[in-house]
Amino acid sequence: MILIPAILAAWAAAAAPEAPAPAVRPDMARPPAVEPMKPYRLPARSRWVLSNGLEAILVEDRRYPMVTARLAFRGGSSAVRAADAGLADAMAELLTDGTRKRTSKEIADAAEDYGGALEAGATSDEILLETFALSEHADKMLGLLAEVAREPSFPGSEVDLRRKNMQEELNQSRGEPDFLAAVGFYKKLYGGHPYAITAPTDASIAKITRDAVVSLHRRLVTPRNAVLVLVGDLPLEKAKKLVEEKFGRWSGAYGPADPPAFAAHPHPRTAYFLERPGAVQASIVIGNIACREDHPDYFGLLVANQVLGGSFSSRLVQDIRETKGYTYRIGSRLEQRMTSSAFRVRTPVRTEVAEPALQAIFGHLDRIRAEKPSDEELEKAKTFLAGSFARSLETQDGMADLVLHTRLHRLPEDFFDTYVERLEAVTGADVLRAAQTFIRPHEAVLMVVGSGDALKASLAKFSSRPVVPVDRDGN
Amino acid sequence: MTGALALLAAWAAAAPAFEQFSLRNGMKVIIAPDHSAPVAVVATIFNIGSRQEQRGRSGFAHLFEHMMFEGSEHAPKGTFDRLLERFGGDNNASTHDDFTLYWEAVPANAVPVALWLDADRLSALKVDGDAIKNQIEVVKEEKRVSVDNEPYGKLLYLEISSHTFVNWQNAHATIGSFEDLDAATLADVRSFFDANYAPSNAIMAIVGDVDPEQARAWVERYFGWIENRAKPVSVDVTEPAPTGRKRVAVSDPHANLPALAITWKGLPDRGTPDHYALAVLGRALFKGKTARLYQDLVKNTEAAVSVDGGLGFPSDSDEYRVPAPFGAFVIYKDDQAPRRIEDRIYAQIREIAARGLSERELTRLKTKLKSDWILDQQHTVRRAERILYAALLDGDPSKAWSIEPFLAVTSADLKRVAARYLTPDASTVFELKAGEGK
């Protein structure tokens, strides 16, 4: 018989507590008064540009004996044609699958030898290499990072394997309702824009060849198109020397142009539906095009989103989950792309309550546009966002992501230095104006993955025209 | 010891000190100051997990975790999150096989607010029938989203434990059954609280930018007066020794690719050399692109799409405690036979049992183990969790700063545990057929 609490008794004996003072029940009626929050800022950055155009940024962080790096190239999946969907992802992943000097296994081994890992992938706007190392191995880490970016060999066998596995991964993802809902949602939201494509298709995967991978690499992975971010226990002079040594004698052309700005051409709200046999929930995504972070209304919109569905005490969670019990998770967010951004609400609800859930969600979207948030909601949203910002700087990863985001999205250099001040300045009127401009339920895309005619009939009540069926590729 | 490991050992030795003490009511407290960022975490672990639930009450530990957010005497429903967010904080909780863990991450100035909220719910939790009904629905939605509607969800969260284990305490799912959840009454919830949420059944960690003396004064003020109650009656979680290979066929209408899982039970106690060796073996077989099974199944034979597993699987290996299993989980390609996947897994285990790992591989594995540990140290919540796991599961919070037992594992240890524990006779094999019923 295993006596679980026995271990606690042993613990108590090992601890050597002083005799505690006699305890009196404190005044529990109100929460304690506290000191104001200490200000916390993104630490200083050093930025320099190599003669070949590569931009490097260092944040010295001595808290841990570790260095974290990001090497990003502008133009990710949005830099390829829709017919080639998946090519940017394949090229990115293949960077770590062989160089002139090493096999994929040797690359993985080398990364672990320096106490790290090396991952590659593509987002809509970038090809991204991420790695970290014990600081004493910063030299080896940067050497490997440069090697995979500069001299990938794209072995034919690895390209074939990546193509086959990408097809298998796509099959696997198609089992997931969230994946299917996202594919359909972005397809409809972004129409013919490159941001409409978030997943490959069977046909586009079949087209991936070594030649296509090599030519995309030549086009995107060049020093002029690169941003290198280093965060960690690394002095500036050493960082400069290492970066010059590993990346200095690399040349290449300019990268692609940024994707075009997305001209929103709003349609009345339309519901799209994908039948998923056997589904016990309706997976719902609702959203519309919003604004970039450098738009004057952005901070108002950020707060509006926060009040609406940005955290546990937000309106959507409190009502749809905590009062009505329709869902386990619901939230809203702003998703930033380089030349556009989206506002969206996402939730899975059990099929029977899809209709009242949608009614309630649209009710909240209307309300955030109709009246200012209460003073309490406004304060809470602002402090929560400021606190989240401080907490995101806890880790080297968190710092590296913020620094890279500022550069990739061409935001003002002081964007995160003034972040908290600008948040604090947001008024209820700002929130209302931003919500009225950028939260647009009457023009939203409503994408639902689920099962049954009853569900489809419910959706019709929220659509300006008959519900549009979509397939698993979002067409 | 190589240079890298020596350097790390020196760094770890210089890691911040902590202090520990007990309150009069038996609650244990650990304070670990760290002033590198003006944030702090207050985390509490209760020695009650789903394994300690009673028959007919499956899912109660988890349902109760939800109830802890449903209001207390001075902080009615909704206040907990609202107040923490008002100070810029975040919070969450999770229910595991052996414990339930709550945390609040706050800007350091708000630590007393987190303590006040925790103390109020520990001393005067106030829930009503409506809140219970509402949270039963929310938990059922949680089950739908992560188990019923998700590929491989049923295998990972229900079937692995129900077929691996014989003792109901271990075999039932943490999420519980809809019948048991529906049967929950206000009286049940109250008696669950009285039985399991005594201060002496809890350990608290305060980690981050706090002055230890000040933090201790706060804890004594808000928790010192709470009366202790009897500790829960211990539950027998003993699992009979495995009696030969068991095969289980399952189907998953949502999965588009077949999968094979194997669990092994009859494993050593936490804190023994064999425990540390099995944890390292799990990493050697499954973790990352250098792992033996990733290389064999995904790269060399191209038979699989993904591999996962290790000690404690499907839970994390750092929360390992007997009778948790060692597990393997492979999603493979349609044209492969499940027996071939199973054979490949055993071929890799036999290989390590016969030859161990090369010096180079072992050093690499340990370097990575240490750097992963440093990565964890960067997250205050993760750091608090590690301290509480060490305090509860090892009975010694200082174990959170010590990875020496893992670094002491030798190739001979790996050979021994691979041969001794990962045998077909101790296994349950799950063959998951994809897409049935579509």
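The values are calculated or read from the model by the stated rules, or taken from the named source; none is laboratory data. Bear in mind the structure is a predicted one, so any value in this text is a computation, not a measurement. Note that we place each Cβ from the backbone using ideal geometry, even for glycine, and neighbour counts take in every protein chain shown.
Some notes on this structure:
- Test: residue in segment A:257-272 that is within 29 Å of A:Val349 (Cβ to Cβ), out of contact with any Ser or Thr (no Cβ under 7 Å at 6 or more places or on another chain) and crowded, with 22+ Cβ neighbours inside 10 Å: yes
- Filtered residue count, segment B:200-231, keeping only those that are part of a helix (DSSP H, G or I), more than 11 Å from every other protein chain (Cβ to nearest Cβ) and either under 22 Å from the mean Cα position of the chain (by Cα) or in contact (Cβ under 8 Å) with a residue 40 or more places away in the chain (or both): 2
- Residue in segment A:285-300 that is part of a helix (DSSP H, G or I), farther than 22 Å from A:Val183 by Cα and within 14 Å of chain B (Cβ to nearest Cβ) present: no
- Filter result (more than 10 Å from chain A (Cβ to nearest Cβ), closer than 19 Å to B:Gly327 by Cα and not in a helix (DSSP H, G or I)) within segment B:126-167: B:Phe165, B:Val166, B:Asn167
- When residues of segment B:402-438 are limited to those that are closer than 19 Å to B:Arg355 by Cα and among the polar types (S, T, N, Q), the one surrounded by the fewest Cβ atoms within 10 Å (Cβ to Cβ): B:Thr410
- When A:Thr418, A:Thr406, A:Thr437 are screened for being touching a residue at least 24 places away in the same chain (Cβ under 8 Å), among the β-branched types (Val, Ile, Thr) and either under 26 Å from A:Thr123 (Cβ atoms) or out of contact with any Leu (no Cβ under 7 Å at 6 or more places or on another chain) (or both), only A:Thr437 passes.
- Counting only residues that are of a type in the set (D, E, K, R) and under 15 Å from A:Glu119 (Cα atoms), segment A:73-108 holds 5 of them.
- The C-beta contact set for segment B:83-100 (first residue aliphatic (A, V, I, L, M), second residue part of a loop (DSSP other than H, G, I, E, B), distance under 7 angstrom, 6+ apart or interchain) comprises B:Leu83/A:Pro31; B:Ala93/B:Met68.
- Every residue from segment A:176-201 that is crowded, with 22+ Cβ neighbours inside 10 Å, not in a helix (DSSP H, G or I) and not aliphatic (A, V, I, L, M): A:Pro200
- Among residues of segment B:101-122, those that are within 23 Å of B:Ile387 (Cα to Cα) and facing chain A (nearest Cβ under 9 Å), counted: 13
- Identity of the residue in segment A:38-74, basic (Lys, Arg) and part of a loop (DSSP other than H, G, I, E, B), that ends up surrounded by the fewest Cβ atoms within 10 Å (Cβ to Cβ): A:Arg62
- A count restricted to segment A:331-384 and to residues that are at the interface with chain B (Cβ under 10 Å from one of its Cβ atoms), of a type in the set (D, E, K, R) and crowded, with 19+ Cβ neighbours inside 10 Å stands at 4.
- Meets criteria (at the interface with chain A (Cβ under 8 Å from one of its Cβ atoms), surrounded by fewer than 21 Cβ atoms within 10 Å (Cβ to Cβ), of a type outside the set (S, T, N, Q) and within 23 Å of the chain's Cα centre (by Cα)) for B:Asp98: no
- Some residue of segment B:5-19 being aromatic (Phe, Trp, Tyr) and modelled with pLDDT of 95 or more: no
- Meets criteria (more than 30 Å from B:Ile374 (Cβ to Cβ), modelled with pLDDT of 95 or more, among the β-branched types (Val, Ile, Thr) and part of a helix (DSSP H, G or I)) for A:Thr437: yes
Residues are listed down the side, and each one gets a yes or a no for (1) among the polar types (S, T, N, Q); (2) within 30 Å of A:Thr339 (Cα to Cα); (3) surrounded by 21 or more Cβ atoms within 10 Å (Cβ to Cβ); (4) touching a residue at least 60 places away in the same chain (Cβ under 8 Å):
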{"position": "A:Ala85", "(1), (2), (3), (4)": "no, yes, yes, yes"}
{"position": "A:Leu94", "(1), (2), (3), (4)": "no, yes, yes, yes"}
{"position": "A:Thr99", "(1), (2), (3), (4)": "yes, no, yes, no"}
{"position": "A:Arg102", "(1), (2), (3), (4)": "no, no, no, no"}
{"position": "A:Lys105", "(1), (2), (3), (4)": "no, no, no, no"}
{"position": "A:Gly115", "(1), (2), (3), (4)": "no, no, yes, no"}
{"position": "A:Ala120", "(1), (2), (3), (4)": "no, yes, yes, no"}
{"position": "A:Phe132", "(1), (2), (3), (4)": "no, yes, yes, yes"}
{"position": "A:Asp139", "(1), (2), (3), (4)": "no, no, no, yes"}
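- If you go through segment A:269-284 and keep only what is within 14 Å of chain B (Cβ to nearest Cβ), of a type outside the set (A, V, I, L, M) and in a strand (DSSP E or B), you end up with A:Glu275, A:Gln281, A:Ser283.
- Qualifying residue in segment A:320-330 (condition: buried (at least 24 other Cβ atoms within 10 Å of the Cβ) and away from every other protein chain (no Cβ under 12 Å)): no
- Scanning segment A:385-426 for residues that are more than 14 Å from chain B (Cβ to nearest Cβ) and over 27 Å from A:Leu234 (Cβ atoms) turns up A:Glu421, A:Arg422, A:Ala425, A:Val426.
- For A:Arg329, the test of being in contact with a helix residue (DSSP H, G or I) (Cβ under 8 Å, 6 or more places away or on another chain), part of a loop (DSSP other than H, G, I, E, B) and within 27 Å of A:Tyr195 (Cα to Cα) is passed.
- In summary, A:Ile320 fulfils each of the numbered conditions (1) closer than 28 Å to A:Leu411 by Cα; (2) touching a residue at least 40 places away in the same chain (Cβ under 8 Å) with the single exception of condition (1).
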